[in-house]
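The values are calculated or read from the model by the stated rules, or taken from the named source; none is laboratory data. Every value quoted in this text rests on a predicted model; they were computed, and no experiment measured them. Cβ sites come from the backbone with ideal geometry, for glycine too, and all protein chains shown count toward neighbours. Calculation scope for accessible area: heavy atoms of the full protein, side chains included, ligands and nucleic acids excluded. Shrake-Rupley method; radii C 1.70, N 1.55, O 1.52, S 1.80 Å.
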Amino acid sequence: QLQLVESGGGLVQPGGSLRLSCAASGFTVEYYAIGWFRQAPGKEREGVSCISSSGGSTNYTDSVKGRFTVSRGNAGDMVFLQMNSLKSEDTAVYYCAASPFSTCRPVPPSWWRFWGQGTQVTVSS
């Protein structure tokens, strides 16, 4: 019903690139800040990036700065995560979710809404 859908994951060699997409089903994604999260095997889920509803501000966890870029599509109905210079430690299931706020700010995990099913990113030679 109200859900985000991730796509674009796959298997890529170290140093390669992938672009993940996040699309809304049942709500208007342009009203929300959208966060990207990932969960690697045996690890806790961590925030990766966030983009405000307007697309005017973004943030990234330190480990991906300079390599990942979050953006909104021109029509405002999609959110993307461009991942370059991928490393094996980027291997994880990637999720997107909607913040209760229009800007990126830290909130408890339970406050994020409309989680997608995730898309697997595997970086391996």
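At a glance:
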item	result
Around residue 97: net Lys/Arg minus Asp/Glu count, Cβ-Cβ under 11 Å	+1
Whole-number accessible area per residue in Å² for the chain, which is evaluated in the context of all protein chains at 1.4 Å	51
The chain: C-alpha gyration tensor shape, a/c 1.5 cut-off, then a/b vs b/c	prolate
Sites matching GluC sites (Glu not before Pro) across the stretch 15-108 that sit in DSSP coil, with at most 11 neighbouring C-beta atoms within 10 Å	44
Amide hydrogen neighbours beyond the local backbone of residue 91, cut-off 5 Å, H modeled	123
Rounded percent of accessible protein surface that carbon and sulfur make up, the stretch 1-121, 1.4 Å probe	48
The stretch 22-125: trypsin sites (Lys or Arg not before Pro) in DSSP loop, at most 14 other beta carbons within 10 Å	43, 45, 65, 87
Charge sum, other residues only, whose C-beta stays under 15 Å from residue 3's C-beta, Lys/Arg counted +1 and Asp/Glu -1	-1
Virtual spin-label span in nm between residue 124 and residue 2, 7 Å along Cα→Cβ	3.8
